[in-house]
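Bear in mind that the values in this text are calculations on the coordinates, not laboratory data. Bear in mind the structure is a predicted one, so any value in this text is a computation, not a measurement. Cβ: placed from backbone, ideal geometry, glycine included. Neighbour counts: every protein chain shown.
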Amino acid sequence: SDYGTDGHRHFMHKEIAEQPDAVRRVLKGRLDERFQTVRLGGLEMDAREMREFRRVKILGCGSAYYAGQAGAQFIEELARIPADAEPASEFRYRNPVIEKDTLYVAVSQSGETYDTLVAVQELKRKGGRVIGLVNAVGSSIARECDGGVYLHAGPEVAVASTKALTNMMVGFALLGLHLGRIRDVSPADGRRLLQALTALPEQIETILADEEQLAAVAKTLAQAPSLFFVGRTRGFPVAREGAQKFKEISYRHAEAYQTSELKHGPLALVGPDLPTVAIVPDDELLDRNLGALQEITARSGPLVVVTHDGVDLGVTSAHVVAVPKSEPELDPLLLTIPLQLLAYHAALLLGHDVDKPRNLAKSVTVE
Ligand code: G6P
């Protein structure tokens, strides 16, 4: 294929840089300004059918599963429908109860991940309704599903998913808003979220422009044998994805925790040799998160704080990475972007094959 790195040193770097355009593509033609909602033509279900669902269950593997966790939160917050995510690799083996008022969503970049495909087939065999959030058009998972939302991120080559993952999150936000507007989300709230979605590409550009600073922060993290990534509620899927990305390509041990759980165990490890990357959105939990930062600095734990512009952290020793504010429900999207560059630059410094980490495949199409 003629898909090259276009002057970038790695596919991963190219794909990170492509995100503003990738997000423009997943939004294109889908924002309905007149009714302050979104148009998802591929769903093959009308509003009446969509209203019948009482629960949403999201299935995917690896980064797609973490995007699904963020997606479950979007859907629960925007549409007030209980939603959760589970690794498809577990779901397919545990004889799950399939309910007819549950909307199942399979999420996959390649559309060929065997565990996700088999989970979809098992669901269909038992009469479940399953839609796909898939990047690769015409792929096996896309064909098995009862319609869905194509992600239009374009081809992704680096094993560590970046633009596809971002578009998964946008896809879930679209689905959440769609489900919300046929339930209780008001036109005014719909407008607020449409504006937030429209603003994303430029906000991502702003974050990417800070690459040099992120590379400097990565340098402080690359030498640590082990790291924590912490976040709570909306920040937790961000922390999980950040830890996953970091360990995949830097081969450093990185573990994600809910910030609220630090005091219930992991704090025992915090000290000068164990850096923490803390996700601290400017939201209703800010004060609680700031309290946790103090717990970490009191134990001389090095800190990198990924937060929003204008937040006063009250700690001076931290490396601060600030991203533009979105609407609270959509915060996870932008908070994830700097973590890609932290992982990328750490792996680069350590001399690893960024695009093809050892032991991993881009798409796991076997049992
Ligand atoms: C593999 C890759 C991961 C990816 C996962 C799901 O494990 O190494 O980077 O997130 O598969 O892939 P999918 O194509 O289904 O999104």
Scan the chain and hand back the longest stretch that contains none of the chymotrypsin sites (Phe, Trp or Tyr not before Pro) lying in DSSP loops with at most 15 other Cβ atoms within 10 Å. 94-250
Segment 79-113: GluC sites (Glu not before Pro) falling in loop per DSSP and having at most 16 other Cβ within 10 Å: Glu99
Compute the distance in nm between two label points, each set 7 Å from the Cα along the Cα-to-Cβ direction, one at Glu76 and one at Gln213. 3.2 nm
Along the Cα-to-C-beta direction of Gln294, a point sits 7 Å from the Cα; which residues of segment 304-322 have their amide N less than 15 Å from that point? 312-317
Give me the percent relative contact order of the chain, please, defined on Cα pairs under 8 angstrom at least 6 residues apart. 19 percent
Relative contact order (percent, whole number), segment 1-99, Cα cutoff 8 Å, 6+ residue spacing: 18 percent
Just to verify a number: FRET efficiency for Leu286 and Ala199, C-beta to C-beta distance, R0 = 22 Å, to 0.05? 0.55
Indicate, rounded to the nearest 5 percent, the antiparallel portion of the DSSP beta bridges found entirely in the chain. 5 percent
Of Asn135, Gly231, Met169, which is farthest along the charge dipole of the chain in the positive direction, counting Lys and Arg as +1 and Asp and Glu as -1 at C-beta? Asn135
Please list, or write none, the lysines whose alpha carbon is within less than 23 Å of the alpha carbon of Lys219, excluding same-chain residues fewer than 8 places away. Lys14, Lys245, Lys247, Lys356
With no solvent term and unit scatterers on the alpha-carbon positions of the chain, Debye gives log₁₀ I(q)/I(0) at q = 0.08, 0.10, 0.11 Å⁻¹ of -0.37, -0.59, -0.72
Give me the distance in nm between label points sitting 7 Å out from Cα along the Cα-to-Cβ direction at His8 and Arg24, one decimal. 1.6 nm
Quick check: residue separation of Ile182 and Val320 times 0.36 nm, minus the Cα distance between them. What number comes out in nm? 45.7 nm
Compute the helix-to-body angle for 235-250: its Cα long axis versus the longest principal axis of the chain, expressed 0 to 90° and rounded to tens. 70 degrees
Trypsin sites (Lys or Arg not before Pro) within segment 1-42: DSSP coil, no more than 11 neighbouring Cβ in 10 Å: Lys28, Arg34
Using +1 at the C-beta of Lys and Arg and -1 at the C-beta of Asp and Glu, which of Thr37, Ile16, Gly4 has the Cα lying farthest in the positive direction of the dipole of segment 1-40? Thr37
Take the Cα gyration tensor of segment 15-74, multiply each eigenvalue by 5, square-root it, and list the three semi-axes largest first, rounded to whole angstrom. 23, 20, 9
For segment 83-213, what is the relative contact order in percent, using Cα pairs closer than 8 Å and at least 6 residues apart in sequence? 16 percent
If R0 is 41 Å, what FRET efficiency do you get for Phe35 and Arg125 from their C-beta distance, rounded to 0.05? 0.65
Please give the helix 114-125 orientation as an angle from the longest Cα principal axis of the chain, in degrees from 0 to 90, rounded to the nearest 10. 30 degrees
Compactness summary of segment 116-221: radius of gyration and Dmax from Cα atoms, Å, are 17.7, 52
Segment 219-367: Kirkwood hydrodynamic radius (Cα pairs, Å) comes out at 15.6 Å
Over its Cα atoms, what ratio of radius of gyration to 2.2 N^0.38 Å does segment 19-135 give? 1.07
Under a point spin-label approximation (7 Å from Cα along Cα-to-Cβ), what is the Thr206-Asp312 distance to one decimal in nm? 2.1 nm
